[in-house]
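Have a look at the structure below before the remarks.
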Number of protein chains: 2
Amino acid sequence: MKIGLKRVRELLRKENRKALGLFLVEGVRLVEEALASPLSVECVFHVEADPDSRLARVVETAESDGIPTQGITQKELDAICDTRTPQGVVAVARTPTWTEEDVWKSGTGDVVVVDNVRDPGNLGTLLRSAEAAGARGALLTAGTVELTNPKVVRGSMGAFFRLPVSYTDSIDDVLRGVRNAGIPLVATSSHGGEPANLLLKWDAVALVLGGEAEGITRDWNRVCDCIVSLAQKRGTDSLNVAVAGSIFLFRHLWRIV
Amino acid sequence: MKIGLKRVRELLRKENRKALGLFLVEGVRLVEEALASPLSVECVFHVEADPDSRLARVVETAESDGIPTQGITQKELDAICDTRTPQGVVAVARTPTWTEEDVWKSGTGDVVVVDNVRDPGNLGTLLRSAEAAGARGALLTAGTVELTNPKVVRGSMGAFFRLPVSYTDSIDDVLRGVRNAGIPLVATSSHGGEPANLLLKWDAVALVLGGEAEGITRDWNRVCDCIVSLAQKRGTDSLNVAVAGSIFLFRHLWRIV
């Protein structure tokens with residue numbers, strides 16, 4: 001699919017990404033990841049590339065996959081990028097259309113439920129960790145930052161190009177999912193929950209992580225099987241949500257001593 | 001100490017922060033943390049505050065501590081802030097002058113050696129986790145982003161207002177530190193090291209974390225007691241350095257099953 005530069009620029013806005021089902025992938029490394037992933041890459045814009053460069057190889061790969069490529073100026077590139085120093089290439093990709101069912105059926109690991117996480121860097125980092133930890137995928141509530149935000153794409157290092165991620169409309173759908181999967185629904189809190197190592201009872205859980213400011217919404221606390229917290233030194237601030245989520249997701253590392 | 005607004009604005013630049021030994025603390029929450037910490041707060045600039053607001057209470061606290069405060073306009077505030085939407089208050093604080101010795105002597109937890117971490121958000125998050133995990137403190141190599149960068153301050157949520165953090169000039173100094181402390185020097189790598197749970201052998205370690213791009217420098221690998229890696233799902237990207245560091249720092253959570 002060939003898309004004009006003006007159209008591409010519109011993808012910097014969330015509404016347009018939603019309406020068109022397309023998003024931007026910026027930089028050599030992420031475009032490489034996109035081309036190697038199941039993602040449908042629609043076209044690639046790039047500045048003039050040194051023939052021996054990594055950029056040139058990316059453009060070649062795209063062309064040999066039959067993807068339209070177009071040379072543009074640095075100024076044109078800057079205009080379609082969110083990053084301040086874009087690295088020579090931007091791809092337009094089709095937004096993955098995973099369903100909740102796809103998430104639940106993807107392997108046997110944890111499912112991460114991301115509730116009201118507003119910071120795109122945090123969501124990106126969380127997805128990167130979820131993939132690395134072997135999670136099935138992630139379910140995002142409506143209050144969570146939009147998945148294809150350029151800062152989420154960057155923070156995730158392309159994790160959601162491969163990892164199933166879906167929005168979820170209702171707690172009931174999630175409850176049906178955990179019941180079918182036969183795993184517990186575990187809410188996390190920065191304080192007052194049961195000790196984290198309770199989680200070692202189960203091979204996999206659905207782990208609910210809440211927003212930076214207010215934590216998870218009360219509704220999850222009512223329906224979950226348990227609430228767990230990470231023990232911290234007294235008087236210290238709660239952990240960054242992506243960090244806390246990652247500590248929970250990598251708990252299996254410490255199991256066999 | 002009273003400081004003019006023009007002087008304060010200069011603190012947005014690293015060279016000036018270094019030369020003056022002062023840095024900026026932005027926002028109600030961080031200024032609260034600074035006032036409650038051992039940090040020496042030199043003065044506080046604030047916009048007009050609703051008498052019942054959290055901002056008004058911060059200004060009161062500063063005044064009752066004998067710290068000069070000065071009302072300024074929103075425009076003046078914007079000019080001395082790194083954040084796009086500053087929350088009404090900026091404090092000028094004296095940069096802590098911890099030594100390496102202070103770090104080693106601060107408790108019995110881990111020491112985090114941060115080598116060439118360039119992203120201020122990552123350093124900030126790492127320090128926040130280090131404090132929450134009960135680490136002694138952190139040693140930063142010369143290639144690591146500057147500690148009082150406004151994005152480090154924000155990411156750390158003020159952790160280094162309390163946690164001893166020092167620059168370190170040489171690997172030899174660190175080696176002397178670990179020897180005196182009687183703990184091992186453990187390098188981390190995104191792949192190829194020994195399993196992470198090797199760390200459970202020790203109550204505390206000096207943990208070397210490397211930069212986002214190239215990992216730790218070779219010199220550390222030569223002198224460390226062991227190199228450990230976090231096992232990840234095959235074919236996935238390495239973890240964010242702040243996440244990886246935090247997973248190591250919170251290993252004790254999973255010890256008692």
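Is any residue of region A:8-36 close enough, with backbone N under 17 Å, to a label point placed 7 angstrom from the Cα of B:LYS151 along the Cα-Cβ axis, and if so, which?
Only A:27 pass the distance filter.
Explain nothing, just the number: dipole magnitude of chain A about its Cα centre with +1 on each Lys and Arg Cβ and -1 on each Asp and Glu Cβ, in debye rounded to the nearest 20.
340
What percent antiparallel are the DSSP beta bridges of region A:100-254, to the nearest 5?
Roughly 5 percent of the beta bridges in region A:100-254 run antiparallel, per DSSP.
What whole number of Å gives the distance from the Cα centroid of region B:60-81 to the Cα centroid of region A:91-106?
Cα centroid to Cα centroid, the span is 49 Å.
Find the centroid of the Cα atoms in region A:133-212 and in region B:152-167, then give the distance between the two in whole Å.
29
Go through B:LEU249, B:VAL103, B:ALA132 and say which Cα lies farthest out towards the positive end of the charge dipole of chain B; charges sit on Cβ, +1 for Lys and Arg, -1 for Asp and Glu.
Result: B:LEU249.
Based on the alpha-carbon gyration tensor of region A:1-55, what equivalent-ellipsoid semi-axes (square roots of 5 times the eigenvalues) come out, in whole Å, largest first?
22, 14, 9
If the chain between B:GLN74 and B:LYS14 were fully stretched, how many nm would it gain, using 0.36 nm times the residue separation less the Cα-Cα distance?
19.2 nm
Under the convention of a label 7 Å out along Cα→Cβ, give the distances in nm from A:GLU194 to the same position in every other copy, shortest first.
Sorted ascending, the copy-to-copy spacings read 3.4 nm.
Placing unit charges on C-beta atoms (Lys and Arg positive, Asp and Glu negative, everything else neutral), compute the dipole magnitude of the protein assembly as shown about its Cα centre in debye, rounded to 20.
The dipole magnitude comes to about 200 debye.
Which residue is it, in chain B, that holds its beta carbon closest to the axis of the B-onto-A rotation, and how many whole angstrom away?
Spelled out, residue of B and its Cβ distance from the axis onto A: B:TRP254, 2.
From a point 7 Å beyond the Cα of A:GLU212 in the direction of its Cβ, which residues of region B:44-85 have a backbone N at a distance under 13 Å?
It comes to B:83-85, nothing else.
Between the label point of B:ARG57 and that of the same position in each other copy, find the distances and list them shortest first in nm, with every label point placed 7 Å from Cα along the Cα-to-C-beta direction.
Here B:ARG57 shows inter-copy label distances of 5.7 nm.
Can you give the charge dipole size of region B:5-94 about its Cα centre, rounded to the nearest 20 debye, using +1 on the beta carbon of Lys and Arg and -1 on the beta carbon of Asp and Glu?
540
Compute the orientation-averaged projected area for chain B from the convex hull of its Cα atoms and round it to one decimal in nm².
15.4
Can you give the % of DSSP beta bridges in region B:1-131 that are antiparallel, to the nearest 5?
Here the share of antiparallel DSSP bridges comes out near 75 percent.
In deg cm²/dmol, rounded to 500, what helix-only [θ] at 222 nm does the protein assembly as shown give when every DSSP H run of at least 4 residues adds -39500 (n - 2.57) and the total is split over its residues?
Calculated from helices alone, the mean residue ellipticity at 222 nm is -9500 deg cm²/dmol.
Quick check of the Kirkwood formula: for the protein assembly as shown, what is the inverse mean of 1/r over all pairs of different Cα atoms, in Å?
24.4
Starting from the Cα of A:ASP102, step 7 Å along the direction of its Cβ; do the same at A:LYS2; then give the gap between the two resulting points in nm.
The answer from the label model is 2.9 nm.
State which entries of A:LYS14/A:LYS201; A:LYS233/B:LYS151; A:LYS14/B:LYS14; A:LYS18/A:LYS233; B:LYS14/B:LYS105 exceed 32 angstrom in Cα-Cα distance in the structure shown.
Where the Cα-Cα span goes over 32 Å, the pairs concerned are A:LYS14/A:LYS201; A:LYS14/B:LYS14; A:LYS18/A:LYS233.
Quote the relative contact order of region A:100-254 in percent (integer), defining contacts as alpha-carbon pairs under 8 Å separated by 6+ residues.
Contact order relative to length: 28 percent.
Could you work out the mean count of beta carbons from other protein chains within 10 Å of each residue's beta carbon in A:115-127?
That average works out to 1.
Got the A:GLU212 label distances to the other copies yet, label 7 Å along Cα→Cβ, in nm, shortest first?
Ordered by distance, the counterparts are at 1.5 nm.
If you wrap region A:5-94's Cα atoms in a convex hull and average its projection over all directions, what's the area in nm²?
Here the figure is 5.3 nm², rounded to one decimal.
Read the figures in this text as sums done on the coordinates, not as results from a lab. From a predicted model like this one, the values you see are computed outputs, not experimental measurements. Don't worry about glycine lacking a Cβ; one is built from the backbone with ideal geometry, like all the others, and counts go over all protein chains shown.
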